[in-house]
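J.: Provided herewith is a single structure, encoded as structure tokens, for subsequent inquiry.
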Amino acid sequence: MQHKKRAVVTGVALLSALALAGCSGGSGGDGGSTADAASCAPSDGKVTLDFTSWIPGIEDVVAMWNEENPDIQVNVQTGPNGNGGTYKSFFSQLAAGNAPDLGQIEYDALASFRVQDGLEDLSACEDVVAAEKEFIPWTWGQVTLGSDGVYGIPQDSGPMALFYRSDLFEQNGIAVPTTWDEYKEAAKAIRAKGGYITNFSTADINQFAGFVWQANGHWFSNDGKEWTVDLTGDESTKVAEYWQELLDEDLVSTYPAWTEEWNNAYNSGEVWSWNSAVWGANSISSGAPDTAGLWSVAPSPQWEAGGKSAGNWGGSSIAVFKGTDHLYEAAKFALWLNTSDEALTALNESANIYPATTAGLELPSLQKGVDFYGGQKIYDVFAEAASQVNPDFVWGPTMTQTYADVSDGFQKAVTGSGTLLDALKSAQESTISTLKSQSIPVAE
Amino acid sequence: MSLLTRTAGATPDLAPSRGPRESLLSRGAALLVMGVFTLYFLVPIWWLFIASTKDRGDLLTTNPLWFADGNFFANIGDLLNYGGGIYVRWIGNSIAYAGLGALLATIFAGMCGYALAKYRFRGRETYFNIVLGGVLVPATALALPLFLLFSQVNLTNTFWAVLLPSIVSPFGVYLSRIYASASVPDELIEAGRIDGASEVRTFFTISMRLMMPALITVFLFQFVAIWNNFFLPLIMLRSEELFPVTFGLYTWNTQLNQIPELRTYVLVGSFLSIVPLIAAFLLLQRFWRNGLGSGSVK
């Protein structure tokens, strides 16, 4: 069967042709991206930027920019949120050398892109350096990563406060707690009435980090040479032991967060409060629609009476990826998106984005009373909290792993094996070994 | 592979009327097991259907397994209009990826399996074993290497990035070979050659028909595999207009915290997205029964 053999030979020839095409395509692609990265000079002629984000309604905001800037057109691509897959895509695109020019990155993920050398340093751009004073100082700290560089433009923030059922607190004669000690006393009183003061989430480790942040704790630091991991520092230990006590005494519920069960616990009035970020306002109104008008917002309980300190949960930045040929234009767009009134107003309307600029906190839509919260001007509380966030909190470069390990340990702790502190201790070790395995210098 | 042993020409036809008598007890037990499994598989679908008829408030507060108020068509209308009708586009994409991909994969796998079964050439078993090895490699593990390859030829974020990797089915080759060697008689191919038909024509006009039950199986498996393939689009695609429906719904689902009304759309969208799969199964399963080539060489 002579012709069979010929078919096989043709197949092999085809395959090698494909392989060759692959190689030549690759070298061509690399050649294109070796432009001088450090300079921040305008390009000649019309520029098109690729921008990946998962913010709802971002297309409309970008369309506003495209209309005003015919020479810098932005092509927006959307997808799942960062940890839902977009970060994974960013890393594979960086590896393949075809990352978009700009991308949405949450504060807690910036360092992981930085250690992989995936981000352009925006401090080369004068406009960016000049814009620092427009931002709430601690949000700027989140994008400098404790260095002289600037690795993103802050977009939004998540200052934390206490959402609580004012009707239930009032009816039962329980004062709204202003310190964590009072919070615990209130928890006991609420438990006696059959409810829970709050739900402890084993999934939202960044919420727990927000508690540690508020207590002035630090999980990571970086002196420019090596990383220090300190998940079990004094403040972190204090917070873990506090919540462990609440768990031990069955004063908090432990429904899996963001599930129907969890929504229902709030909707039915079983759980009375939630220590959450500004964006949580929407989560409650959508998850617990039957409780409209019954909620209020108060500043977070403090560790010391009269203290003024707030944690932060969430928030993201717009970063420029390594390999872009248009650093100047990308920075210009990112600044417009995150500082201009029109963009901030549109983002706030479409996606409830809480701006990271000081001027942004004065948007008209953030000055109004909110019906779901009985007409309270809740954003005043958050604006105050935004000014009380510790600027020195730094995220580590392997937060996905750290979150996962802490979360595993927390899950065990709520089912009765081990404690929250044990979870932090074991995550401390696994984080150090992960850093080492990625050849990231770490102090023991 | 019970359907294989049933339909292969090698086994004698089962007489429909005369089976061994079972005791009432064992029949009852079998029914019970099947009943439990049926319930187990159908309850989530029932839940999904009920959930997609409710508005957002009722979803949390009313009985999850029974109707509250008939919002089904209003929900569907909202879903189809949301984001400029992007959902319809996603469904279309999924049908294109899965339909076209499964069709091509079936043809290739059928040809390949047939060749391995019916022709003798050097290295035949080696090729076959390599293909069999491919069955063991999970598609997820290949997504990243594929992404890097497609990046080099600038094909990421295109229709081809999802279609091309979907048209290979090692399992299909395996199934086609086993089936072809059992159900396509050598005499029939010889007869075709004597009558002057080319090998290609013999394959398409005679052998393929005899292999139809296997090919339908390959098609369905591959259709479902592509339809449900999540990781590949996640890695390859960036433009919303190219997303298949599974990935699109997932994207919405990750945005629930910010846009709560998406919850309804995700539910209704998930419900609608299983309709094509059910239709494909119902339409194609009859081929399993009447694709037999028995009697052709008697």
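The values are calculated or read from the model by the stated rules, or taken from the named source; none is laboratory data. Keep in mind that this is a model prediction, so the values were computed, not measured. Cβ sites come from the backbone with ideal geometry, for glycine too, and all protein chains shown count toward neighbours.
J.: Looking at the range B:28-71 only, could you name the residues that are away from every other protein chain (no Cβ under 14 Å) and of a type in the set (D, E, K, R)? Give the derivation first.
T.: Going through the range B:28-71, the residues away from every other protein chain (no Cβ under 14 Å) turn out to be B:28-43, B:45-46, B:49, B:52-53, B:66-67, B:69-71.
Passing the criteria: only B:ASP69.
J.: So, of the residues in the range B:250-281 that are crowded, with 17+ Cβ neighbours inside 10 Å and of a type in the set (Val, Ile, Thr), which turns out to be farthest from the other protein chains (Cβ to nearest Cβ)?
T.: Looking at residues that are crowded, with 17+ Cβ neighbours inside 10 Å and of a type in the set (Val, Ile, Thr), I get B:VAL268.
J.: Follow-up. For A:ALA404, state whether it is loosely packed, with under 15 Cβ neighbours inside 10 Å, among the aliphatic types (A, V, I, L, M) and not in a loop (DSSP other than H, G, I, E, B).
T.: yes
J.: Can you report the number of residues in the range A:88-97 which are farther than 13 Å from B:LEU237 by Cβ and within 9 Å of another protein chain (Cβ to nearest Cβ)?
T.: Looking only at that region, the number is 3.
J.: Here's a follow-up. Take B:PHE219 and tell me if it is modelled with pLDDT of 90 or more and within 30 Å of B:VAL275 (Cβ to Cβ).
T.: Yes.
J.: Grab the helices (runs of 4 or more DSSP H) fully contained in the range B:104-193, keeping just those with 3 or more residues being polar (S, T, N, Q), more than 14 Å from every other protein chain (Cβ to nearest Cβ) and surrounded by 15 or more Cβ atoms within 10 Å (Cβ to Cβ).
T.: Numbers: elements: B:124-136, B:139-152, B:159-166, B:170-183.
Output list reads B:170-183.
J.: For the range A:119-131, what are the residues that are touching a Gly at 6+ places or on another chain (Cβ under 9 Å) and surrounded by 22 or more Cβ atoms within 10 Å (Cβ to Cβ)?
T.: A:LEU119, A:GLU120, A:LEU122
J.: In this structure, does B:ALA51 turn out to be of a type in the set (Gly, Ala, Ser) and within 30 Å of A:GLU261 (Cβ to Cβ)?
T.: When the stated conditions are applied, B:ALA51 passes them.
J.: A further question follows. Which helices (runs of 4 or more DSSP H) does the range B:1-102 wholly contain that include 1 or more residues that are at pLDDT below 85 and either aliphatic (A, V, I, L, M) or on the phi > 0 side of the Ramachandran plot (or both)?
T.: Helices (runs of 4 or more DSSP H) meeting the threshold: B:2-7, B:56-61.
J.: Here's something else I'd like to know. Looking at B:VAL268, is it over 30 Å from A:ALA96 (Cβ atoms) and modelled with pLDDT of 90 or more?
T.: yes
J.: Also: Given the options A:GLY224, A:GLY141, name the one that is at pLDDT below 95, touching a Ser or Thr at 6+ places or on another chain (Cβ under 7 Å) and surrounded by fewer than 20 Cβ atoms within 10 Å (Cβ to Cβ).
T.: Every option except A:GLY224 fails the conditions.
J.: Yes or no: the range A:166-173 includes at least one residue that is touching a residue at least 40 places away in the same chain (Cβ under 8 Å) and surrounded by 22 or more Cβ atoms within 10 Å (Cβ to Cβ). Break it down into steps so the answer makes sense when it comes.
T.: Step one: of the range A:166-173, the residues touching a residue at least 40 places away in the same chain (Cβ under 8 Å) are A:166-169.
Then drop every residue that is not surrounded by 22 or more Cβ atoms within 10 Å (Cβ to Cβ), which leaves none.
No: the range A:166-173 contains no residue that is touching a residue at least 40 places away in the same chain (Cβ under 8 Å) and surrounded by 22 or more Cβ atoms within 10 Å (Cβ to Cβ).
J.: With respect to the numbered conditions (1) in a helix (DSSP H, G or I); (2) within 9 Å of chain A (Cβ to nearest Cβ); (3) modelled with pLDDT under 90, which one is the sole condition not fulfilled by B:PRO213?
T.: It fails just one condition, (2).
J.: Can we say A:ILE72 is of a type in the set (Val, Ile, Thr), at pLDDT 95 or above, buried (at least 18 other Cβ atoms within 10 Å of the Cβ) and touching an Asp or Glu at 6+ places or on another chain (Cβ under 8 Å)? Don't jump to the end; show me each part of the working.
T.: Working: of a type in the set (Val, Ile, Thr): yes; at pLDDT 95 or above: yes; buried (at least 18 other Cβ atoms within 10 Å of the Cβ): yes; touching an Asp or Glu at 6+ places or on another chain (Cβ under 8 Å): yes.
Judged against the criteria, A:ILE72 is a match.
J.: A:TRP243 passes all but one of (1) more than 23 Å from A:THR419 (Cα to Cα); (2) part of a helix (DSSP H, G or I); (3) within 25 Å of the chain's Cα centre (by Cα); which number fails?
T.: (1)
J.: Of the conditions (1) among the aliphatic types (A, V, I, L, M); (2) under 15 Å from A:ILE197 (Cβ atoms); (3) within 12 Å of chain B (Cβ to nearest Cβ), A:ALA298 satisfies every one except a single condition; which number is it?
T.: Of everything listed in (1) among the aliphatic types (A, V, I, L, M); (2) under 15 Å from A:ILE197 (Cβ atoms); (3) within 12 Å of chain B (Cβ to nearest Cβ), A:ALA298 misses just condition (3).
J.: Mind listing whichever residues of the range A:414-443 are touching a Ser or Thr at 6+ places or on another chain (Cβ under 9 Å), under 27 Å from A:TYR242 (Cα atoms) and modelled with pLDDT under 95?
T.: A:VAL414, A:THR415, A:GLY418
J.: Let me spell it out: the conditions are (1) in contact (Cβ under 8 Å) with a residue 24 or more places away in the chain; (2) small (Gly, Ala, Ser); (3) outside any helix (DSSP H, G or I), and A:SER417 meets all of them except one. Which number is the exception?
T.: (1)
J.: Restricting attention to the range A:274-292, and to residues there that are at the interface with chain B (Cβ under 8 Å from one of its Cβ atoms) and assigned to a helix (DSSP H, G or I), which single residue is surrounded by the fewest Cβ atoms within 10 Å (Cβ to Cβ)?
T.: The selected residue is A:ASP290.
J.: Still on this structure, I have one more. Could you check A:ALA41 against (1) surrounded by fewer than 22 Cβ atoms within 10 Å (Cβ to Cβ); (2) in a helix (DSSP H, G or I); (3) more than 12 Å from chain B (Cβ to nearest Cβ) and say which number it fails?
T.: Every condition holds for A:ALA41 apart from (2).
J.: Follow-up. I want to confirm something. Restricting to the range A:249-268 and keeping residues that are in contact (Cβ under 8 Å) with a residue 12 or more places away in the chain and not in a loop (DSSP other than H, G, I, E, B), which single residue is farthest from the other protein chains (Cβ to nearest Cβ)?
T.: A:SER253
J.: May I pose another question? Looking only at residues that are more than 7 Å from every other protein chain (Cβ to nearest Cβ) and under 16 Å from A:PHE113 (Cβ atoms) in the range A:75-87, which one is modelled with the lowest pLDDT?
T.: Start the filter on the range A:75-87 by keeping residues that are more than 7 Å from every other protein chain (Cβ to nearest Cβ), which leaves A:75-76, A:82-83, A:86-87.
Retained after the next criterion (residues that are under 16 Å from A:PHE113 (Cβ atoms)): A:82-83, A:86-87.
Values: A:GLY82: 89, A:ASN83: 86, A:THR86: 91, A:TYR87: 93.
Top of the filtered list is A:ASN83.
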